[in-house]
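Have a look at the structure below before the remarks.
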Amino acid sequence: MYLICSVSWALLQLLLLVSFSQAEDRVCLQMGDPENPQLSKDGDIILGGIFSFHSSWINRRDTYMHKPLPLQCIRGFQHAQAMLFAIDEINNSSDLLPGITLGCKVYDSCGSIARGVRASLALINSQETTFKLSDKCTKPAQVQAIMGESSSSPCMAIATVMGPFHIPLISHFATCACLSDKNKYPSFLRTIPSDHYQSRALAQLVKYFGWTWVGAIRTNDDYGNNGMATFIETAEELGICVEYSVAVFRTDPPDKSKQIISTLIKASTSRVIVAFLSHMDIDVLLIELSQHNLTGYQWVGSEGWIFDSHTAAMDVHHILDGAVGLSIPKAHVTGMKEYILDVKQLNSSSKELFREFWEALFDCKECSGHEDLAGVKNTFTDMSLMPIFYNVYKGVYAVAHALHDILSCNNTCNKTILHHIKRIRFKTKEGDEVYFNENGDPPAKYEIINWQPTENGNVEFVPVGLYDASLPADRQLTLTNRTLVWAQNSEQVPVSVCSEKCPPGTRKVLQKGKPVCCYDCLRCADGEISNSTDSISCVRCHSEFWSNERRDTCIKKKEEFLSYEEMMGALLTAASLLGTCLTAVVMFIFFRYRRTPIVRANNSELSFLLLFSLTLCFLCSLTFIGRPSGWSCMLRHTAFGITFVLCISCVLGKTMVVLMAFRQRLSVLGFTLIQVFICLLWLTISPPFPFKNIKDFKDRIILECALGSAVGFWAVLGYIGLLAMFCFILAFLARKLPDNFNEAKFITFSMLIFCAVWVTFIPAYVSSPGKFSVAVEIFAILSSGFGLLICIFIPKCYIILLKPDRNTKRNLMGKEGPTH
């Protein structure tokens, strides 16, 4: 029993001893395998690199029971080579960082966000697999800056991790405008312009070619979604409508791509497709497009694929021929091409990676290592992506210049590399200036590229223009005179509109329930014009102008008035002159036979005065014909009013002679002076004036004389009517007096005609339009004048000239008996 207790106590002490010793030196082990760089280079200062050497996993259904298999592809080696080239140049320079060498650690992210974040954490931490809890986490990061990644979404994740550590992340190909937000990504910089400018440039390019009805396809990540959102926003501002906008991703099931092609693209009416895609996504989409033989569409591409030779090589069915888009301006860096193609130097950095790369490069399994790269043509040997390699090169040099500034400054300056890298400004050996704005972005400049097929079936990326965001808005986009090739090798610019342009003379009316680019063209109404294409409204012409037949110009309205040249004016003038001549003939006859009884009867003075007033009545009608002026307007009504009153006064005097047999000079003068007073009052208060009547007729202007005062006009007319009625009544009463030549009968008939004419005149004058109202007034004047002349004087002229035997005093007095 004692022995058992002793053994138990010894075991307990041993367990306690082990427990205390473990508590004092507790060790943490890293879960999973350590992240080792795919490429590395020793140096005094280490830079990090994260590139996508691979772009896809080995095809195997993942059961989550095993670690993922390695990745396949070698695309990102060129980026890593560009970084190594820049480092070697700097290390060999005596001006930049003299005596200090740069090294690097480069990781493969394979375009995976998770792997990119893990690689970034590996770069800022040590590679120890164990550490004690007593260790302090205050050691400096392994790297001073990180080059990469190529895509926007991984960069957003990595920049979020790097931000608190103030370690610069400089991307050569991440273009999402969201990365310019320094509140979220304070340590992110890039050597490629932001999509903020590219999206707007694409919209301006689409507008330049007159495409207002387009489809849109984007990569379903931050690059595509943000870029397309900005494009659509700018497109709407420029009057461009997007018929459909769909998102795709390279991991989407094939059924989704087929559905997009069959239900959207094929069913659409737009002939232009704006593709904001990465090269990997359009490569996948291109396979489906080729299966559907979807040719004849005009493609507009972002810099993600528009100058990618691998995409062009895949397009064996010429789906994308004639595509236009934006690319980074061409670049040439002395020695870089040769350095990138010298791949055997990778053997010293990573033998396993070199072997995998070599097998993929030459498509061999048991490679000898002596294969000749000179005869190989693939995505690695193609240098069309040199502008992107140049971006990597500039990023490395930016870090080197910032480090040089830190080492050159005194102890009081800011030693943070992020602080200095934001302020660097230098020129590369090729003469290009490198700097970052407040958002960490470089200046935005793009080349406009056109895919032009060559005779051997390949595609040539032909620069056809430039876009420079630093210039004024009207000069940012410029295209050269070089001929462009469009879809299906056409030389005519494709048309992609929902509705054809509305020509001048019409206006756009939106179709119900459709975008603003879908509309009908309605002809402008009378008196309205539109003198531009696609006018949204018609403009009413000035009151003195009218629209032409095409409704695209306002022409001066035809001015209409009763003129001497037209038929009606000429006839009225002839009638007026005829009346004047007849009155003059009668006056001559009366003067020639002034001593005969028939002329001397009933007061010959009044007869001559009546004939004179009738002459004035016929002549005053001429003042109504011709273009109205200030003087003619005042003269026509006043002359008419006074002469007719004088005329009626004379007739009235003759009537009163018959009834009362006394002289009537004073009565004629008195009646006429009353009318003169009315006319003077009218002319003083509100005289007639020339007036352009634009209300009665829309297409012409009626030049007429406005009455000025309607009361004055109707007072003049009313006074004439009053005298005429008075004269008619007196003549009617005197018609049966016992004279053989009693004038009262003829005066009664003449006054009856006069009153009938002027009673009929009033409704005809009011209802007649334009110059016809003037013609009605002239007709009334002439009718009245001819009525008086014919009824009063023609019978006397008949006796004087044809029946002289009756022109005796005895016959006029009725004292001769009847003859047999």
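The values are calculated or read from the model by the stated rules, or taken from the named source; none is laboratory data. In this text, all values refer to a predicted model and were calculated from it rather than measured experimentally. Ideal geometry is used to build each Cβ from the backbone, glycine not excepted, and the neighbour counts take in all protein chains shown. Heavy atoms of the whole protein, side chains included, go into the accessibility calculation; ligands, DNA and RNA do not. Shrake-Rupley method; radii C 1.70, N 1.55, O 1.52, S 1.80 Å.
Classify region 454-565 as rounded, prolate or oblate from the Cα gyration tensor: take a ≥ b ≥ c as the square roots of its eigenvalues, call it rounded if a/c is under 1.5, otherwise prolate when a/b beats b/c and oblate if not.
Judged from the Cα gyration tensor, region 454-565 comes out prolate (a/c at least 1.5, a/b above b/c).
Over the C-alpha atoms of the chain, what are the Rg and the largest Cα-to-Cα span, Dmax, in Å?
According to the Cα coordinates of the chain, Rg and Dmax are 53.4, 202 Å.
Suppose every K and R has +1 on its Cβ and every D and E has -1 on its Cβ; what is the size of the dipole of the chain about the Cα centre, in Debye to the nearest 20?
So the dipole magnitude of the chain works out to roughly 6900 debye.
I need the P(r) histogram for region 567-810: all alpha carbon pairs, bin width 10 Å from 0 out to the longest distance, whole percents.
7, 31, 34, 18, 8, 2, 0
To the nearest 20 Debye, how big is the dipole of region 506-556 about its Cα centre, given +1 on the beta carbon of each Lys and Arg and -1 on that of each Asp and Glu?
Dipole magnitude for region 506-556 comes out near 200 debye.
Would you mind working out the accessible area per residue for the chain, using a 1.4 Å probe, and quoting it in Å²?
50 Å²
Give me the three principal axis extents of region 506-556 from the C-alpha atoms, as integers in angstrom, largest value leading.
40, 16, 13
Any number yet on Rg/Rh for region 269-313, C-alpha, Kirkwood?
A ratio of 0.94.
Translational D (Stokes-Einstein, µm²/s) of region 161-282 at 20 °C and 1.002 mPa s when Rh comes from the Kirkwood sum over C-alpha pairs?
Translational diffusion coefficient: 137 µm²/s.
Contour minus end-to-end for Asn125 and Lys377, with contour as 0.36 nm per residue of separation and end-to-end as the Cα-Cα distance?
86.8 nm
Do any trypsin sites (Lys or Arg not before Pro) in region 273-345 lie in a DSSP loop with no more than 16 other beta carbon atoms within 10 Å, and if so, which?
Lys330
Enumerate the lysines that Lys365 could reach by cross-link, defined here as Cα to Cα under 27 Å, with residues fewer than 8 away along the same chain left out.
Qualifying lysines at Cα under 27 Å: Lys67, Lys337, Lys344, Lys351, Lys377.
Just to check I understand the Karplus step: with θ = phi - 60° and J = 6.51 cos²θ - 1.76 cosθ + 1.60, what whole-Hz values come out for region 467-478, glycine and proline as x?
Whole-Hz 3J(HN,Hα) from phi for region 467-478: 10, 10, 5, 7, 8, x, 4, 7, 10, 5, 9, 9.
Run the numbers for Asp520 and Ser767: contour at 0.36 nm per residue of separation, minus the present Cα-Cα distance, in nm.
84.8 nm
If DNA, RNA and ligands are ignored and the probe is 1.4 Å, what is the ranking of Arg810, Arg115 by accessible area, most exposed first?
Heavy-atom accessible area, descending, gives Arg810, Arg115.
With the dipole of the chain worked out from charges on the C-beta (+1 for Lys and Arg, -1 for Asp and Glu) around the Cα centre, which of Pro34, Leu102, Pro154 lies farthest toward the positive end?
Positive-most Cα among the choices belongs to Pro154.
Specify the longest stretch of the chain that does not include any exposed loop site, a site being one of the GluC sites (Glu not before Pro) with a non-H, G, I, E, B DSSP assignment and at most 15 other Cβ atoms within 10 Å.
567-815
For region 613-659, report the % of Cα-Cα distances exceeding 16 Å.
Roughly 44 percent, once rounded to a whole number.
Please compute the length gained on full extension between Ile287 and Ile729, using 0.36 nm multiplied by the number of residues separating them and subtracting their Cα-Cα distance.
Here the segment from Ile287 to Ile729 would lengthen by 148.1 nm.
Please give, to one decimal in nm, the separation of the simple spin-label points placed at Ala756 and Lys692, each 7 Å out from Cα toward the Cβ.
For the pair Ala756/Lys692, the computed spacing is 4.3 nm.
Suppose we flag chymotrypsin sites (Phe, Trp or Tyr not before Pro) only when DSSP calls them loop and at most 15 other Cβ atoms lie within 10 Å. Which is the longest uninterrupted stretch of the chain?
My reading of the result: 65-563 is the longest stretch.
Relative contact order for region 506-556 using alpha-carbon pairs under 8 Å, separation at least 6, rounded to a whole percent?
33 percent
Can you pull the percent of the chain's accessible area that's carbon plus sulfur, 1.4 Å probe, other chains left in place?
Looking at the chain in its full context, I get 59 percent from C and S.
Amide H neighbours of Val274 under 5 Å, counting only residues 5+ apart in sequence or on other chains, H built in-plane at 1.01 Å?
Gly215, Ala216, Ile217, Val300
What are the ³J(HN,Hα) values, in whole Hz, obtained from phi via the Karplus relation 6.51 cos²θ - 1.76 cosθ + 1.60 with θ = phi - 60°, for each residue of region 639-654 in sequence order, with x given for Gly and Pro?
Once θ is set to phi - 60°, the couplings for region 639-654 become 5, 4, x, 6, 5, 6, 5, 4, 5, 5, 5, 5, 4, 4, x, 4 Hz.
Of Lys41/Lys427; Lys207/Lys422; Lys508/Lys695; Lys207/Lys256; Lys207/Lys445; Lys41/Lys422, which sit over 24 Å apart, Cα to Cα?
Violating the 24 Å limit, Cα to Cα: Lys41/Lys427; Lys207/Lys422; Lys508/Lys695; Lys207/Lys256; Lys41/Lys422.
Considering only DSSP beta bridges where both residues belong to the chain, give the percentage that are antiparallel (nearest 5).
Counting DSSP beta bridges with both partners in the chain, the antiparallel share is about 55 percent.
Do you know the relative contact order of the chain, to the nearest whole percent, from alpha carbon pairs under 8 angstrom that are 6+ apart?
In percent, rounded to a whole number, it is 9.
Could you go through region 762-772 in sequence order and give the Karplus-derived ³J(HN,Hα) for each residue, using 6.51 cos²θ - 1.76 cosθ + 1.60 with θ = phi - 60°, rounded to whole Hz, and x for Gly and Pro?
4, x, 5, 5, 5, 8, 6, x, x, 5, 5
Using DSSP to call loops (not H, G, I, E or B), can you name the trypsin sites (Lys or Arg not before Pro) in region 699-808 whose Cβ has at most 10 other Cβ atoms within 10 angstrom?
Qualifying residues, ordered by number: Lys736.
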